[in-house]
DNA sequence: TTGTACGCGTTATCAG
DNA sequence: CTGATAACGCGTACAA
């Protein structure tokens, strides 16, 4: 059994004390260049890496932040997460990713796990979750921020965008094209404030022109192509048939596209379809989706900076609201009777 | 400052020694039920969670496995990873995910980071990488497996599928439809044995009927819709124009689909397009892709089991080859002249 | 600028 | 079945 080199081995090798070796690693400028060189040589020769456990124990800090996302199998989180990770990595902190499958119990369990691993800070998606989760975080006095959502008077540090406003903007655009018979294929709203916000936004816009958004023209489905296909089918079977379907995200829109075509209709000539998020999929389908563009990467980067700042300065986190915009492609046009 | 409860607090609370508390957590059956109940009550009341660092230090084990993938922004890894994670999680081990952006230097750096965090085992994607990486792993005596690839005489534990054989099978299918003018839009092959294998497989099949696969009918592009769009454009500009484009994965196929349409042609009537991986995207595009179905989830689960076994038993890992199959959808048909 | 020495929270050995 | 106690590897007062 080839024991890993310890700080002790390094110190002997370099002819200094362990304290000096430690300083070379954590505060290099506090040690004379020559000594440092000797130490660094020893480190290199032995292939020494500080033991994570020892370090965590002594410093009570892990250089780790945890994030719990609903699922890895979704490009919308992947993009922002990637950026978050890169920024953290550039500051020598590791990102621990766990998934909850949109289930608050699972999420709580994952938070516990992450906490148990001594993360220095934590990020969660959205704001809607049972109070236990927030309680836990506050008991542990661990800094955390919420992502992908924004509410001006949220009680928490939150870096995201206003899903409601963005959805309203999109619905306004659909109205501007002349649609009056509008359906919404939304995400499942239980413990998902983004999905809720997007519905409310659409409802706001429609209400302004005295249109009511409700079942059966409002339907919820999981964020998968297949489930959305089925849900969109149901929407298209209604009388009168909607001339536009506003979807909770791009994956749902892809499913809806499929459903429209499957019914022998054309997008956008017979039915318009719009998405949300602007993931790569939005450009891959035919016709490419008119959708809400979200600055995923910028959000991720800013979130990372904020996290780092909270860890290092103990300051409370900010609330930060990102602007979204609508990217027009070809899946939205005027309704058939106005052609 | 609200100090976290330690094992000591629990032991005092329960009126037992720290050793007993520890046993309750790690070997519950070695302690009398009544004592255990007292301890568990104390744990619950105090909200105690073992300190990760202390545990790692004392046990020299972290219940952690690390994996380095090229990128999170790809559904093909997400699927398998999700399954891997679930299986590990069910066994109380946490998965640490890092990304390399298809860059071996980055990968090596990430391996170092993971190693520094004391992962008990490690998984890497594919087999092609500089020797330093393997060296490092072996020096550290840490079990590792390779994923998403398979080679019978690989020197490493490897759980995946034979990319070459799968690609050959696909190319054979394309040939069986009567295509003789076949192009390939491949992934970038540098340090990517999956991309290489897929090219070789296609080449094998074509060579068997005396067709040579080479530039300009073979072209490499990054795994993105946009880059693949451009590359496919180039392919379609060739004379004679290929009647079928075999793509390195589904994302590339989506780009190719786009390019064909953009040139005023139809899939599959004018040009057939086939993909690889069978991610959700394959069913979302129009026409849905004929592609290679890979058992991502099963692979992930098996990989996790293997990893756990290597950790617990110190046995060397197996080599495990998964079967792939072709799922026929609508993007492949006979070439135009045979209609 | 460098060294000494203690403590961080846990597990494991060994004795009872 | 339980308890006392010695590691585990590192950071950091404090002293020199």
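Looking only at segment A:170-193, residues that are within 24 Å of residue A:323 (Cβ to Cβ) and part of a loop (DSSP other than H, G, I, E, B) come to 3 in all.
Could you list, in sequence order, the residues of segment A:242-258 that are touching a strand residue (DSSP E or B) at 6+ places or on another chain (Cβ under 9 Å) and either at the interface with chain B (Cβ under 10 Å from one of its Cβ atoms) or surrounded by fewer than 24 Cβ atoms within 10 Å (Cβ to Cβ) (or both)? First the steps, then the outcome.
Taking segment A:242-258 and keeping what is touching a strand residue (DSSP E or B) at 6+ places or on another chain (Cβ under 9 Å), we get A:242-257.
Result: A:242, A:243, A:250, A:251, A:253, A:254, A:255, A:257.
Candidates in segment A:259-276 are the residues that are within 13 Å of chain B (Cβ to nearest Cβ) and farther than 16 Å from residue A:333 by Cβ; of these, the one that is modelled with the lowest pLDDT is A:262. Take residue A:11 and tell me if it is within 11 Å of DNA strand D (Cβ to nearest atom) and over 39 Å from the mean Cα position of the chain (by Cα). Considered against the rule, which asks whether it is within 11 Å of DNA strand D (Cβ to nearest atom) and over 39 Å from the mean Cα position of the chain (by Cα), residue A:11 comes out as yes. Kindly check whether there is at least one residue in segment B:151-173 that is closer than 30 Å to residue B:335 by Cβ, out of contact with any helix residue (DSSP H, G or I) (no Cβ under 8 Å at 6 or more places or on another chain) and surrounded by 18 or more Cβ atoms within 10 Å (Cβ to Cβ). Yes, some residue in segment B:151-173 is closer than 30 Å to residue B:335 by Cβ, out of contact with any helix residue (DSSP H, G or I) (no Cβ under 8 Å at 6 or more places or on another chain) and surrounded by 18 or more Cβ atoms within 10 Å (Cβ to Cβ).
When the residues of segment A:94-111 are filtered to those that are within 10 Å of chain B (Cβ to nearest Cβ), buried (at least 16 other Cβ atoms within 10 Å of the Cβ) and touching a residue at least 24 places away in the same chain (Cβ under 8 Å), which remaining residue is farthest from residue B:52 (Cα to Cα)?
Our first condition is that a residue be within 10 Å of chain B (Cβ to nearest Cβ); within segment A:94-111, this holds for A:94-99, A:101, A:106, A:109-110.
From what's left, buried (at least 16 other Cβ atoms within 10 Å of the Cβ): A:94-99, A:106, A:110.
Going one step further and asking which of them are touching a residue at least 24 places away in the same chain (Cβ under 8 Å), we end up with A:94-99, A:110.
On the way: A:94: 15, A:95: 16, A:96: 14, A:97: 17, A:98: 17, A:99: 20, A:110: 15 Å.
That would be A:99.
Looking at (1) facing another protein chain (nearest Cβ under 9 Å); (2) crowded, with 19+ Cβ neighbours inside 10 Å; (3) under 23 Å from residue B:83 (Cβ atoms), which is the one condition that is false for residue A:71? (2) is the only condition that residue A:71 fails.
You will find that of A:58, A:78, A:73, the residue that is free of Cβ contacts under 8 Å to residues at least 60 places away in the same chain and within 16 Å of DNA strand D (Cβ to nearest atom) is A:58 and no other. Highlighted here are the helices (runs of 4 or more DSSP H) found entirely within segment B:1-108 that include at least 1 residues which are within 12 Å of DNA strand C (Cβ to nearest atom): B:7-14, B:18-26, B:33-46, B:52-59.
Any idea which of (1) buried (at least 22 other Cβ atoms within 10 Å of the Cβ); (2) over 22 Å from residue B:283 (Cα atoms); (3) in contact with a helix residue (DSSP H, G or I) (Cβ under 7 Å, 6 or more places away or on another chain) is the one residue A:332 doesn't satisfy? For residue A:332, the failing item is (2). Listed by position, the strands (runs of 3 or more DSSP E) contained in segment B:270-329 that have at least 2 residues being in contact with a strand residue (DSSP E or B) (Cβ under 7 Å, 6 or more places away or on another chain) and surrounded by fewer than 24 Cβ atoms within 10 Å (Cβ to Cβ) are B:319-322, B:325-327. For segment B:236-268, the set of residues classified as over 17 Å from residue A:285 (Cα atoms) and either out of contact with any helix residue (DSSP H, G or I) (no Cβ under 8 Å at 6 or more places or on another chain) or in a loop (DSSP other than H, G, I, E, B) (or both) consists of B:237, B:238, B:239, B:240, B:241, B:242, B:243, B:248, listed by residue number.
Within segment A:112-133, restricting attention to residues that are touching a helix residue (DSSP H, G or I) at 6+ places or on another chain (Cβ under 9 Å) and assigned to a helix (DSSP H, G or I), the residue that is farthest from the other protein chains (Cβ to nearest Cβ) is A:133. Within the span defined as segment A:2-24, one or more residues are without any contact (Cβ under 8 Å) to a residue 40 or more places away in the chain, under 23 Å from residue B:108 (Cα atoms), surrounded by fewer than 20 Cβ atoms within 10 Å (Cβ to Cβ) and at the interface with another protein chain (Cβ under 8 Å from one of its Cβ atoms).
The values are calculated or read from the model by the stated rules, or taken from the named source; none is laboratory data. Keep in mind the model is a prediction, meaning the values are calculated, not measured. Cβ: placed from backbone, ideal geometry, glycine included. Neighbour counts: every protein chain shown.
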